[in-house]
Each structure stands twice: as C-alpha cells, then as structure tokens.
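Input: a single structure, listed below in structure tokens.
Just so it is clear, none of the values below were taken in a lab; they were calculated from the coordinates. A quick note: this is a predicted structure, and the numbers were derived from the prediction, not measured. Heads up, the Cβs are rebuilt from the backbone with ideal geometry, glycines too, and the neighbour counts pull from every protein chain shown.
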Amino acid sequence: MDSILVRGNGPLHGQIPIAGAKNACLTLMPATLLSDEPLTLINAPRLSDIRTMTQLLQSLGAEVTSLQDGQVLALSSHDIHNKTADYDIVRKMRASILVLGPLLARYGEAVVSLPGGCAIGARPVDLHLRALEAMGATLELRDGYVHASAPGGLRGGTVDFDFASVGATENALMAATLARGTTVIRNSAREPEIVDLARCLRAMGAQIDGEGSSEITVQGVDRLGGATHTVVTDRIELGTYMLAPAICGGEVELLGGRIELLEAFCEKLDAAGVSVSETERGLSVTRGNGDIRAVNVTTEPFPGFPTDLQAQMMALLCTASGTSVLEEKIFENRFMHAPELMRMGARIDVQGGTATVTGVPKLKGAPVMATDLRASVSLILAGLAAEGETKVARVYHLDRGYEHVVGKLSGVGADIERIKET
C-alpha cells in the first residue's frame, strides 16, 4: 500500500492546473443511461472514482471509452441489458446510487445495492428513495438492495426535501427529465455541480428551470438525445490547492479557478490573512506577511463553507495565531483527521460536531494515517508546513479525489514523493 512523504520546504511558487469536478463528473456519467444517443464529457478528472463509475456503467451494458489521456469520456447506453447495480461495485463509492433514478426513469425498473464510500457518518439514501416515490415509484429494501419499479413510467410530482441533499437532488433531477408531467423539487441543493448537471441535461433535450435556486421545475419529455458537455472546474480541488500557499507561504496561480465557485471559502481566507485575486487564467493566492489569523468556520450547504474543505482548513488553522472554532453541520464523524493532526503537534479539542483549534508556532513531521479522502489531503497540507518529514499512509483514499497530487505540488516547489510499500 502506497504512502506519501512530505518534507516542509518553505514557500511555494508557480501554477497548478485544476481538473474537472469529480462530484460533477460522477453525476454526469449516469446521465448517459437516460438516452440511447452518445454523451461526451470533456475535462473529465482522472481518478479512481471515475474508473469505478466506468466499471459500474459497463456492468449495466453501457459503453464507456476514455480518450485524450482520460480527459474525455465517450459514453453510450444504446444497449443496456442489465438493470442491477451489484454490491461488489457499488460498495466502493456512494455516488453509485446515482444510477437508480436514470434506470428507473428510462426502463421502469432498477435494482441497486445500498452504497459505500468514505466512513464519515450515516449519510442515508432515504431522501433519494422518497423523491422517487413522489414520482410514483414503488420501492422495497431487500437483502441490502433497493428494488425499484415503475411499470407505467414515472410521473411528475412534488418532491420536498427535509434538507438540501446534493445526491438526492441529482437523482430526482435526472429521473424527472423522463417523468410524465411536471416535477417540482423543493429545498433542492444549489451546488455548482447541480447547475452543471442541469446544463448537460438541457443540452440533451430536458426542460429544466430554476437550477442554482432552492426550487427546480422539470417538465418531463418523451426522450433525451446526445450531447457534448464540458465538466465544471472542481471547486474542492481548487480550494485544497489554494490552501497550499496559504499554509506554506508564497504565491500560486490556480488555473481554471473562479471565485464564484468558493465565495464563502474565499471570505474565510481573507479573514485569515490570505490574499485571493482573479487573473486572466484563474486565481492567484498569496499569503500576507505575519501569522495566519484565527477564524471560525461553520460548514453549510452551498453557497456556504463546503464540508469537503473543512479538514484542509483545519490544517491551516493549526498554525494560526489564536483559537479557531470549526463546526461541522453536514456530516457527523468528520473530524477523524484531528487525532492525526495532533500527532503532528496540533492542539485540537473535539466535542461532538465542534472542533476547537488553538494555533501552535510550528507543526512537527510524523507518521500519520489517512482516514478518508479529504482527511488524506489535509495531512499532506500540514506536512508541507511542518518541521521534518511527514509520512501519510493509506493514500488510496487520495486517489479517489485528486489526480497527480504529487506532480501538482512538486511543480510549485513542494518536497513531496509517493513511495511504494513492500
């Protein structure tokens, strides 16, 4: 099992290209199941999660071809011969549940295993199921699988979410495109990935209004066609690499970055003493003179502070001047990186969904273990600012969400390498 070695090496300078969004691409890929015509995705990230979704779609009978070194995906679902998403694939990744809505909408039946993924809380799929029930689906949970049917097809309905779930909004949105009549999705998620999905579906012929707001209206159509779509920039990779010069010093330009993808995050960086400015090609991030200032952070649905940047932000605040409070309101059990940061000398007190971080002058390199995707990269960021060597184990989590992390960071001056464990 591979590890990553990081040695604190001073300020960073240069450019980092930002990939297409993992969470957007994992939603766009199942959209191929809605049509028998080709769907081409440009700016796809090259990640293990994308390979897992490819494997899942192929198991259903879809054709998925990787072109241009994996940055273009050509998909076709003209010959779907299997409507069962098997546990052996689905257990690897929660996004697998996103085949449920498209299969049910187009074929009137689907059997999908309950999903797996990072161990960061319960993350139930109840909202996905209730949304499909609101469109006339009959659902049964049996032997770890969701058995869904709608023999006469889905019909328009009103979907009222208890909270703004991104995945449930995506499943409902895709299913509604082929439902008879009008579907209204209330308290819908507003994330850029939702807007990106709606843009793609509209290019395929869907009739959608309101994406990016808390209420989406979909007028069902008889069929969808093909499309070519460019995947939106990955705002979580963007925010992660913005924190690299923030924690190490220096100036780094993030190619493809846009402030509107991360306004709440950028506001916190500004409050902490980190400068973010727009350039012709993206965003430039510079750490100002003096210490990082302590700030309080509360994770919220978009457009609030992203939960997927909470661990990375904690790494920065470990060396801030003063005490910061981070409140996690999206997922329970998402402070598993805190004990590993404490092994590096961080002062963190976790009480339920709140972590109090008291800054220290310097972190110390140590052997640490990644517990999930975002935790793994937070430990790498901490290692960039630590004295000595940090060895991050179990980095297979990292491969799910960050492409070429060693190459991108070493390209701006970081002392980082990936090592094969015997």
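Given DSSP loops and a limit of at most 15 other Cβ atoms within 10 Å, what is the longest stretch of the chain that contains no such GluC sites (Glu not before Pro)?
Longest site-free region, per DSSP loop and neighbour criteria: 1-279.
Residue exposure proxy: 314, 204, ordered by other Cβ atoms within 10 angstrom of their Cβ from fewest to most, comes out as 204, 314.
Comparing Cα centroids, region 370-422 and region 204-257 end up 25 angstrom apart.
Going from the fewest other Cβ atoms within 10 Å to the most, the residues 13, 128, 229, 337 appear in the order 13, 229, 128, 337. Residues of region 49-92 falling in the label zone of residue 109, defined by backbone nitrogen less than 15 Å from a point 7 Å along Cα to beta-carbon, are 80-85. Measuring nothing but how far apart in sequence close Cα pairs (under 8 Å, 6+ apart) lie, relative to its length, the chain scores a relative contact order of 21 percent. Between residue 279 and residue 354, full extension at 0.36 nm per residue minus the direct alpha carbon distance yields a gain of 23.4 nm.
Taking each of 364/391; 268/364; 22/92 in turn, the alpha-carbon distance tops 18 angstrom for 268/364. Scanning the chain for DSSP H helices at least 24 Å long along the axis (C-alpha atoms) with a Kyte-Doolittle mean no lower than -1.0 picks out nothing. Placing +1 on each Lys and Arg Cβ and -1 on each Asp and Glu Cβ, with no other charges, gives the chain a dipole about its Cα centre of roughly 520 debye. Taking every DSSP bridge with both residues inside the chain, close to 70 percent are antiparallel. The value given for region 22-230 is a Kirkwood hydrodynamic radius of 16.5 Å, derived from the mean inverse Cα-Cα separation. The length gained on full extension between residue 209 and residue 63, counted as 0.36 nm times the residue separation minus their Cα-Cα distance, comes to 49.6 nm.
For residue 134, neighbours were defined as the other residues whose beta-carbon sits under 12 Å from its Cβ, and their charges (Lys and Arg +1, Asp and Glu -1) total +1.
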